[in-house]
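Rule-based calculations on the coordinates, nothing more; no lab input. The structure presented is a predicted model; accordingly, all values stated were derived computationally and were not measured. Using ideal geometry, Cβ is built from the backbone for each residue, glycine included, and neighbour counts are taken over all protein chains shown.
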Amino acid sequence: MSMTFPGYLALTAAEFAGCETLPEQCAWMACHFSCYGTGLSNLPDALPEGSMLIVNDRTPPAKHDSKRIAEQLRQLTDQLPIACILLDFQRPDFPDNAQIAKVLQDLPCPVGVSMLYAENLSCPVFLPPVPLNMPLEEYLKPWKDREVWLEAALDCRLYTLTEQGCRQSDLADIPMEHPHIFRDEKLYCHYCMDEEADKVHFSLRRNAEDLLALLQEAEKLGVKKVVGLYQELRCFSDCHTSDTVTGSQ
């Protein structure tokens, strides 16, 4: 089945350099806080038309200069065909992250911010993938008055229910030989159940087909942008050939 991913696929610099056919919409993953200065590192030299630029906090901020970072990104948006910027800040309780997110709202293109730092801003909010055990509409409800950008991912998890409650753990996949695998239309996933004397195991998996259906519904519910990892979602195979060669500064 040939499927087109309805959003941005994020590639590393190495993946950009080694990819013969680029996705329809690309995202640069990612600019980092410099280890040797007060600005950003790993800025791209070139990008395809309409790309997303991602800035993350893999390297934690340490007195980095928000004004210098804003100037770097302003120059980059002047030089390259960048459609939008995503601040994928996943380290909580960093005042520097909050200050940088606030200052970067003045850039000339849309700037989305992770939910950890978007609450007090009026920008688009970037949400993690929809949990397997939560309906999409319920997940989006707290942000119904905001523009939402959504992370997309394949997922597989084990939920173990006991008298003490429910415990979650990672799961590689649902065993294909399982005799009873069902699809939940509201959760956009497949699942199976196994009982033991004192517990019940629920295995939930969201495959590519489930994810595509979820994202189509997300668009109907107002989600404006979707972002996923190229290395995970390259199964969405409709790509176009691009002659753009990219690198980093």
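Using only Cα atoms, tell me the angle between helix 208-220 and the longest principal axis of the chain; keep it within 0 to 90° and round to the nearest 10.
60
Calculate the spin-label point distance for residue 78 paired with residue 158, positioning each point 7 Å from the Cα along the beta-carbon direction, and give it in nanometres.
5.6
I'd like the FRET efficiency for residue 46 and residue 91, computed as 1/(1 + (r/R0)^6) with the beta carbon distance as r and R0 of 22 Å, rounded to 0.05.
Values: r = 29 Å, r/R0 = 1.33.
The value I calculate is 0.15.
Report the full-extension gain for the segment residue 220 to residue 62: residue separation times 0.36 nm, less the Cα-Cα distance, to one decimal in nm. The partial results should precede the final answer.
Numbers: separation 158, 0.36 × 158 = 56.88 nm, distance 4.03 nm.
Between residue 220 and residue 62, full extension yields an extra 52.9 nm.
Could you tell me how far the Cα centroid of segment 74-149 sits from the Cα centroid of segment 171-229, in Å?
Result: 26 Å between the Cα centres.
Among the lysines, which have Cα under 16 Å from the Cα of residue 102 when same-chain residues fewer than 8 positions away are ignored?
63, 67
How about segment 158-232: which trypsin sites (Lys or Arg not before Pro) there are in a DSSP loop, with at most 14 other Cβ atoms within 10 Å of their Cβ? Intermediate values should be presented prior to the final figure.
Working: sites: 167, 183, 186, 199, 205, 206, 220, 224, 225; in loops: 186, 199, 224.
For trypsin sites (Lys or Arg not before Pro) across segment 158-232 that sit outside H, G, I, E and B with at most 14 neighbouring Cβ atoms in 10 Å, the list reads 186, 199.
Taking segment 36-141, which GluC sites (Glu not before Pro) meet the DSSP loop condition and have no more than 15 other C-beta atoms within 10 Å? Please report the intermediate quantities before stating the final value.
Values: sites: 49, 71, 119, 137, 138; in loops: 49, 119.
For GluC sites (Glu not before Pro) across segment 36-141 that sit outside H, G, I, E and B with at most 15 neighbouring Cβ atoms in 10 Å, the list reads 49, 119.
Quick one: angle between helix 66-79 and the longest Cα principal axis of the chain, in degrees between 0 and 90, rounded to 10, please.
90
Between residue 14 and residue 201, how many nm apart are label points set 7 Å from Cα along the C-beta direction?
3.4
Got a sec? Which residues in segment 196-222 would a label at residue 180 touch, if it sits 7 Å along Cα→Cβ and we count backbone N under 20 Å?
In segment 196-222, the label zone of residue 180 (backbone N under 20 Å from the point 7 Å along Cα→Cβ) covers 196-206.
Just flag the trypsin sites (Lys or Arg not before Pro) in segment 44-74 sitting in loop per DSSP whose Cβ has no more than 16 other Cβ atoms within 10 Å.
The qualifying sites are 58, 63.
Which of the aspartates and glutamates could a cross-linker bridge to residue 220, judged by Cα under 20 Å and excluding same-chain residues fewer than eight apart?
Output for residue 220: 137, 138, 145, 147, 151, 184, 185, 209, 210.
If you stretched the chain out fully between residue 133 and residue 235, how much longer would it get, using 0.36 nm times the residue separation minus the C-alpha to C-alpha distance? Provide the component values of the computation, followed by the final result.
Values: separation 102, 0.36 × 102 = 36.72 nm, distance 2.36 nm.
Length gained, residue 133 through residue 235: 34.4 nm.
Can you give the extra length, in nm with one decimal, that the chain gains between residue 208 and residue 141 once fully stretched, where that is 0.36 nm per residue apart less the Cα-Cα distance?
In short, 21.7 nm is gained.
Using a 7 Å offset from the Cα along the Cα-to-Cβ direction at both residue 120 and residue 106, what is the distance between the two label points in nm, to one decimal?
Each label point is offset 7 Å from its Cα along the Cβ direction, giving 1.8 nm.
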